[in-house]
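Here is the structure we will look at, set down as structure tokens.
The values are calculated or read from the model by the stated rules, or taken from the named source; none is laboratory data. On a predicted model such as this, the values are computed, not experimentally measured, just so you know. Neighbour counts run over all protein chains shown; Cβ positions are idealised from the backbone, glycine included. Just so you know, the surface numbers come from the protein's heavy atoms only, side chains and all, with ligands and any DNA or RNA stripped out. Shrake-Rupley method; radii C 1.70, N 1.55, O 1.52, S 1.80 Å.
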Amino acid sequence: MSWPVLSVKDLTITYNSSAGLVPAVRGVSFDLAVGESLGLAGESGCGKSTLANSLLRLLPEGTVTSGEVTIDGQDLFALSPGGLRAVRWTTGAIVFQGALHALNPVQTAGRQVREPMHVHETVASDDEARVRSRQLFERVGLSANLLEAYPHQLSGGQRQRVLIAMALACDPQLLIADEPTTALDLMVQAQVLALIAELREESSLSLIFITHDLSVLTCVADRLAIMYAGRIVEQGPSMDVFQNATHPYTKALAAAFPTIGDPASRKAPSGLAGDPPTPGALPSGCPFHPRCPLAEDRCRTIEPDLRSSGQGREAACVLI
Amino acid sequence: MLTTEQPESRGRTRFILKKMLGSLLTLVFVLVFNFVLFRIVQSDPIGSLFRGRNVPAAKIADLRTAFGLDESLWVQFWAYVRQTFQLNFGISYQSRQPVWNEIVSAIPATVALVGISAVLSALIGTVGGVIAAWRRNTWKDHAITSGTMVFYSMPDFWLGMILLVGFAVVLGWFPVGGMTDAGTSATGVALLLDRIHHIFLPALTLTLAYLGEYALVTRSSLLDVMGEDYLTVARAKGLRDVVVRNKHAVPNALLPVVTLTAINFGFVLSGAIAVEAVFSWPGLGKATADAIRGPDLPMLQGLFLLFSAAVIFFNLLADIAYAWLDPRVEGA
């Protein structure tokens with residue numbers, strides 16, 4: 001655990017939409033060491049996918065970003081267009097959600113896996129790219145004849161594996177997995193998670209795993225960060241955070257999943273009333289206070305920063 | 001699920017065969033419809049030959065026998081089908097020449113004029129649409145969208161007249177009509193230059209008139225594709241913006257444009273009736289306009305059949321192109 005592969009400091013991202021400025025990420029900071037894996041969880045709209053895309057500067061034009069992102073020692077926001085392209089996929093690669101149209105429908109899977117190798121010249125010839133793409137397919141558990149298949153000929157699980165193979169094409173140091181198991185059925189979800197866990201064991205791959213499904217993260221993440229309304233509200237070692245949450249929001253998230261071996265929780269997985277706030281119209285004070293069962297008067301006015309809540313743990317709540 | 005290469009290519013072959021059969025059936029329908037249509041409009045073909053002049057009844061009866069009009073409809077239909085396949089479309093009322101000869105002699109002029117315009121408008125329009133969409137809401141987009149919209153909304157013959165008056169009559173830069181200078185004995189390069197001089201204004205008219213459709217369809221199709229995740233993926237891979245556009249966005253956006261192009265090419269033969277008339281361009285369009293004025297019914301019947309066949313043929317070509325470009329077209 002030395003030089004962090006990724007360092008995010010006070011990152012703020014504001015979308016410039018027709019409805020005005022919409023804050024999507026509001027002051028997020030974290031470090032990711034080589035080989036470390038960070039799970040990022042939260043409800044839809046909490047800013048986690050925006051955060052993921054910003055790490056390779058993939059946000060739409062006109063988006064206002066401030067703060068600092070250092071990736072492999074380079075200041076992300078100071079990179080020239082050419083320098084940025086060179087960082088993309090070689091230093092950090094993204095595994096997109098395969099159920100969406102993340103694969104080009106008119107190109108074969110193999111061609112899309114080989115494309116970044118040619119762009120970044122990590123292979124000397126097309127033959128080498130073909131050999132490497134066959135190895136990658138084998139690595140992610142796909143038969144080599146699927147290289148010639150078009151995306152519509154693949155199942156959801158196969159498409160997700162293609163996207164993982166594609167992300168590994170240039171041997172990145174950092175893998176950003178944005179909801180890679182969402183919309184897959186449970187068996188396939190487990191296979192994909194096992195595959196990602198294996199990949200981490202084999203190499204010093206750093207991982208950011210984004211999901212709304214907290215239970216998924218305990219298998220793949222060393223550390224957990226819970227996001228709410230564009231901020232990290234709690235972070236710490238993943239089992240500690242999951243089993244012994246300190247922030248009321250994390251408690252509610254964790255309680256939404258039944259615990260194996262605890263029949264009482266299985267009978268009554270509790271939900272959380274209300275919807276997450278719209279980023280364009282956040283409540284005053286702590287943005288969670290309208291849904292918080294423990295909210296006090298001061299929560300309406302004070303938005304607490306992260307503070308230590310135990311060994312290696314932080315939470316943003318006035319009660320801590 | 002794909003196991004080997006074979007099922008996919010079989011699926012495509014089946015798709016193409018199905019489309020060919022469909023085209024053939026449409027052609028048969030057009031053949032029958034063309035026959036019925038002209039029996040309905042043409043109540044007294046012999047009478048229209050004399051335009052109300054006094055002609056002895058015996059002469060008329062002779063002519064009815066000569067043209068086979070005293071036979072039953074079925075016999076007439078059979079003769080029509082047989083003669084159509086022999087490329088015998090009858091004799092033009094106006095020129096007294098076989099309709100087929102008249103049509104064949106007018107084809108090159110039309111194919112040259114409308115062919116050039118169709119290719120130019122498809123190329124320029126598509127490129128314009130791609131630029132407009134990729135740089136949407138910039139001055140480039142506004143210039144391309146509103147510029148092509150202006151020409152798109154103009155009637156083509158009206159645009160032709162304006163250009164004719166402006167560049168041929170007032171400025172005198174171009175000839176007012178025809179395909180070559182009257183009585184010219186030019187050959188070789190001189191003849192070619194003369195032809196280009198003559199074709200310029202009508203070709204410009206048609207290119208401007210068709211341009212807008214391509215630009216607008218390409219633009220809206222590309223805008224749809226631009227929200228797709230695979231473009232974000234392509235950018236994330238470190239591709240240059242122009243590669244993302246040309247390799248990932250445009251191939252997906254061009255699918256509807258391919259159909260439009262093929263359908264427009266189907267109108268290459270019939271496409272320019274009004275514009276050819278404006279510029280006295282001696283092609284099928286002008287032949288049609290002249291035949292309508294007659295009315296020269298055998299000529300019209302032959303032209304209609306040819307125009308329909310061209311549209312059917314290019315629609316088939318569009319389907320085949322689609323199957324080749326879009327791997328998802330299989331058993332569809």
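In table form, for the structure just shown:
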read-out	value
Matching residues in the range A:45-62 - criterion: being more than 10 Å from the chain's Cα centre (by Cα) and open to solvent by 30 Å² or more (accessible area, probe 1.4 Å)	A:45, A:57, A:59, A:60, A:61, A:62
Criterion: assigned to a helix (DSSP H, G or I) and either at pLDDT 90 or above or buried (at least 19 other Cβ atoms within 10 Å of the Cβ) (or both) - qualifying residue of B:103, B:107	B:103
Residue in the range A:75-90 that is least open to solvent (accessible area, probe 1.4 Å), counting only those that are more than 21 Å from residue B:229 (Cα to Cα) and under 22 Å from the mean Cα position of the chain (by Cα)	A:76
Only one of B:258, B:311, B:242, B:275 that is modelled with pLDDT of 90 or more and assigned to a helix (DSSP H, G or I)	B:242
Residue within the range A:213-227 that is touching a Lys or Arg at 6+ places or on another chain (Cβ under 8 Å), open to solvent by less than 20 Å² (accessible area, probe 1.4 Å), at negative phi and more than 14 Å from every other protein chain (Cβ to nearest Cβ) present	yes
Single condition residue A:96 does not satisfy, out of (1) under 17 Å from the mean Cα position of the chain (by Cα); (2) open to solvent by less than 40 Å² (accessible area, probe 1.4 Å); (3) at pLDDT 90 or above	(3)
Top-ranked residue of the range A:124-151 - restricted to ones that are assigned to a loop (DSSP other than H, G, I, E, B) and open to solvent by less than 20 Å² (accessible area, probe 1.4 Å), ranked as nearest to the other protein chains (Cβ to nearest Cβ)	A:149
Cβ pairs under 9 Å, 6+ apart, first in the range B:30-54 and hydrophobic (A, V, I, L, M, F, W, C), second modelled with pLDDT of 70 or more and assigned to a loop (DSSP other than H, G, I, E, B)	B:41/B:295; B:46/B:55; B:46/B:67; B:46/B:69; B:49/B:55; B:49/B:93
Residue within the range B:155-166 that is surrounded by fewer than 17 Cβ atoms within 10 Å (Cβ to Cβ), under 21 Å from the mean Cα position of the chain (by Cα) and in a loop (DSSP other than H, G, I, E, B) present	yes
Residues being facing chain A (nearest Cβ under 9 Å) and not small (Gly, Ala, Ser) - total across the range B:202-248	14
Count - residues of the range B:51-89 that are of a type in the set (S, T, N, Q) and either within 18 Å of residue B:303 (Cα to Cα) or touching a strand residue (DSSP E or B) at 6+ places or on another chain (Cβ under 7 Å) (or both)	4
Hey, residue B:168 closer than 17 Å to residue B:218 by Cβ and among the hydrophobic types (A, V, I, L, M, F, W, C) or not	no
Subset tally (residues that are among the hydroxyl-bearing types (Ser, Thr, Tyr) and in contact (Cβ under 8 Å) with a residue 24 or more places away in the chain) for the range A:131-154	2
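One line per residue, one yes/no per condition, for (1) of a type outside the set (S, T, N, Q); (2) away from every other protein chain (no Cβ under 14 Å); (3) open to solvent by 20 Å² or more (accessible area, probe 1.4 Å); (4) in contact with a Lys or Arg (Cβ under 8 Å, 6 or more places away or on another chain):
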site: B:281; (1), (2), (3), (4): yes, yes, no, no
site: B:286; (1), (2), (3), (4): yes, yes, yes, no
site: B:291; (1), (2), (3), (4): yes, yes, no, no
site: B:296; (1), (2), (3), (4): yes, yes, no, no
site: B:310; (1), (2), (3), (4): yes, yes, no, no
site: B:314; (1), (2), (3), (4): yes, yes, yes, no
site: B:318; (1), (2), (3), (4): yes, yes, no, no
site: B:322; (1), (2), (3), (4): yes, no, yes, no
